[in-house]
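S.K.: Pasting a structure here, questions to come.
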Amino acid sequence: MRVIVSGGGTGGHIYPALALIQRLIETKEAKKSEILYVGTKRGLESRIVPEQGISFTSIEIQGFRRSLSLQNAKTVALFLKSIRRSKNLIREFKPDIVIGTGGYVSSAVVYAAARLHIPTVIHEQNSIAGVTNKFLGHFVNKIAISFPDAAAEFSEKKKIVLTGNPRAQQVAGIQANDRLTDFGLQKDVPTLLIFGGSRGAEPINQAFINAFDDFAKRAYQVLFVTGKVHFDRVKTAIGSRSSDNIVIQDYIGDMPNILADITAIVGRAGATSIAEITALGLPSILIPSPYVTHDHQTKNAESLVKSGAALMLKEDQLSERSLLRNADTIMQDAILRKSMMAASKTLGQPNAADQLIQVMTNLVKQTK
Ligand SMILES: CC(=O)N[C@H]1[C@@H](OP(=O)(O)OP(=O)(O)OC[C@H]2O[C@@H](n3ccc(=O)[nH]c3=O)[C@H](O)[C@@H]2O)O[C@H](CO)[C@@H](O)[C@@H]1O
């Protein structure tokens, strides 16, 4: 099967696409040479996708501003140009199917495919759909969702299929593998991973910087990930302080393998992170980003909190003290962790990639 995949901007849209691609290759539904990823140069995808050895090509497009501005005129012009470019790419590559995983780049690629009568699927990771997927929902053949609640976001109910997030299946099968020693951490000490989504989060970084001296006294260890753009500032703020139980990284390239060795997570409540957390049955402290459309991360987090899988810390309550208190609550109580792990695991979607592939292969068969 020849497949064009498009999705980007942030890791939350890219990693589900990569997990799907990996599974398409594993199951021999597609060869590596039959896959083309279309993204933008500016998005994280331009770095992450070629690193995986997947063919990558970029189109120029930008997102709409919320307020009326001259930039929006440029955005419209770029959008029309990117549809023409996408149509050319599609005519050249001749995909059997085009799938979009969100982020504005996928709007042009998937829309162009629909206009050319190529079978199309979108994948929505969140319970509240993104702007791009809401737009594309009118044109595609199938809408794959990760949370049942997302069905309410689309008017054409016949198109909707609940598959889960393919990244869940990619991490679900991974066993603990002592990879923490790669970073100089101990392999048998409980480890807390702190990170603010795929791009890092300034408020989480600041709370961690303020709490550094206290974390340094803990019996557990901390793997702290700043996000690439924040790394230098965090390192400067930490200065010459160091501790055997704390490691600071800018980005983790191989998150699935690292997650398998982690005891608990402090993070944002991005949908793909949540798919990973529940696939592995990890306990977590979720600090939803208040800067996302319709506060959808709070909704994502609430589903875990309700079932006892996670604690939620609202960003306006985030401080060094609340960060430490929540971290200690989980890291110093093995019984609590055990019940959170069980609750987390019940929300996991370990067959999500296969379910999405099923949707794709059925659609291709029907349209042949
Ligand atoms: C600010 C913003 O718009 N956030 C959205 C974005 O978040 P974001 O891109 O942060 O997405 P998620 O938290 O969902 O996923 C982050 C992904 O990046 C990976 N990772 C992260 C850090 C790292 O060092 N290495 C690494 O590989 C994680 O393992 C995960 O696979 O997309 C999500 C869709 O899924 C949405 O729910 C989020 O609201």
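S.K.: Please report, ordered by residue number, the strands (runs of 3 or more DSSP E) entirely within the range 204-297 with at least 1 residues that are crowded, with 22+ Cβ neighbours inside 10 Å.
M.R.: Details: elements: 221-225, 246-249, 264-267, 284-286.
The qualifying strands (runs of 3 or more DSSP E) are 221-225, 264-267, 284-286.
S.K.: Here's another thing I want to ask about it. Restricting to strands (runs of 3 or more DSSP E) lying wholly in the range 1-64: which have 1 or more residues that are within 14 Å of the ligand (Cβ to nearest atom) and buried (at least 22 other Cβ atoms within 10 Å of the Cβ)? Talk me through it step by step, then tell me what you get.
M.R.: Values: elements: 3-6, 35-39, 55-58.
So the answer is 35-39.
S.K.: Using the structure shown, decide if I287 is touching a strand residue (DSSP E or B) at 6+ places or on another chain (Cβ under 8 Å) and within 7 Å of the ligand (Cβ to nearest atom). Spell out how you get there, then give the answer.
M.R.: Numbers: touching a strand residue (DSSP E or B) at 6+ places or on another chain (Cβ under 8 Å): yes; within 7 Å of the ligand (Cβ to nearest atom): no.
Judged against the criteria, I287 is not a match.
Each row is one residue, and each column tells you yes or no for (1) among the hydrophobic types (A, V, I, L, M, F, W, C); (2) in contact with a strand residue (DSSP E or B) (Cβ under 8 Å, 6 or more places away or on another chain); (3) not assigned by TED's automatic domain parsing to the domain that holds A275.
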| position | (1), (2), (3) |
| --- | --- |
| G39 | no, yes, yes |
| L44 | yes, no, yes |
| F56 | yes, yes, yes |
| F93 | yes, yes, yes |
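S.K.: Specify the residue that is nearest to the chain's Cα centre (by Cα); the eligible residues are those in the range 165-212 that are without any contact (Cβ under 8 Å) to a residue 60 or more places away in the chain and within 13 Å of the ligand (Cβ to nearest atom).
M.R.: For the range 165-212, the residue satisfying everything is G200.
S.K.: Do we have N351 as touching a residue at least 12 places away in the same chain (Cβ under 8 Å), farther than 20 Å from A211 by Cα and either more than 18 Å from the chain's Cα centre (by Cα) or within 16 Å of the ligand (Cβ to nearest atom) (or both) here? Walk me through how you get there before you give the answer.
M.R.: Details: touching a residue at least 12 places away in the same chain (Cβ under 8 Å): yes; farther than 20 Å from A211 by Cα: yes; either more than 18 Å from the chain's Cα centre (by Cα) or within 16 Å of the ligand (Cβ to nearest atom) (or both): no.
No; evaluated as a whole, the condition is false for this residue.
S.K.: Same structure, new question: Any residue at all in the range 216-226 that is more than 11 Å from the ligand (Cβ to nearest atom) and basic (K, R)? Break it down stepwise before answering.
M.R.: First, the residues of the range 216-226 that are more than 11 Å from the ligand (Cβ to nearest atom): 216-222.
In the following step, the residues that additionally are basic (K, R) were identified as 217-218.
Checking the range 216-226: at least one residue is more than 11 Å from the ligand (Cβ to nearest atom) and basic (K, R).
S.K.: Considering only residues of the range 104-128 that are touching a residue at least 40 places away in the same chain (Cβ under 8 Å) and out of contact with any strand residue (DSSP E or B) (no Cβ under 7 Å at 6 or more places or on another chain), which is surrounded by the most Cβ atoms within 10 Å (Cβ to Cβ)?
M.R.: The selected residue is Q125.
S.K.: Which one is surrounded by the most Cβ atoms within 10 Å (Cβ to Cβ) among residues in the range 298-311 that are in contact (Cβ under 8 Å) with a residue 40 or more places away in the chain and away from the ligand (no atom under 11 Å from the Cβ)?
M.R.: Let us first name the residues in the range 298-311 that are in contact (Cβ under 8 Å) with a residue 40 or more places away in the chain, namely 299-300, 303-304, 307.
Still in the list and also away from the ligand (no atom under 11 Å from the Cβ): 303-304, 307.
Details: S303: 18, L304: 23, S307: 15.
Applying the filter and picking the extreme gives L304.
S.K.: Hey, does the range 356-368 have a residue that's closer than 18 Å to Q169 by Cα, under 17 Å from the mean Cα position of the chain (by Cα) and crowded, with 17+ Cβ neighbours inside 10 Å?
M.R.: Scanning the range 356-368, I find at least one residue that is closer than 18 Å to Q169 by Cα, under 17 Å from the mean Cα position of the chain (by Cα) and crowded, with 17+ Cβ neighbours inside 10 Å, so the answer is yes.
S.K.: Further question: Is it fair to say A129 is part of a loop (DSSP other than H, G, I, E, B) and among the small types (G, A, S)?
M.R.: Numbers: part of a loop (DSSP other than H, G, I, E, B): yes; among the small types (G, A, S): yes.
When the stated conditions are applied, A129 passes them.
S.K.: Okay, next question. Considering only residues of the range 330-340 that are surrounded by fewer than 17 Cβ atoms within 10 Å (Cβ to Cβ) and of a type in the set (A, V, I, L, M, F, W, C), which is farthest from I194 (Cα to Cα)? Quick ask: steps written out before the conclusion?
M.R.: Applying the first criterion (surrounded by fewer than 17 Cβ atoms within 10 Å (Cβ to Cβ)) to the range 330-340 yields 332-336, 338-339.
Imposing the further condition that a residue be of a type in the set (A, V, I, L, M, F, W, C) reduces the set to 334-336.
Values: A334: 19, I335: 21, L336: 19 Å.
Per the criteria, the residue is I335.
S.K.: For the range 249-262, enumerate the residues that are farther than 12 Å from T181 by Cα and either of a type in the set (G, A, S) or more than 12 Å from the ligand (Cβ to nearest atom) (or both).
M.R.: Across the range 249-262, the qualifying residues are G253, A260.
The values are calculated or read from the model by the stated rules, or taken from the named source; none is laboratory data. None of the values given here were measured: they were computed from a predicted structure. Here Cβ is always computed from backbone atoms with ideal geometry, including for glycine, and neighbour counts include all displayed protein chains.
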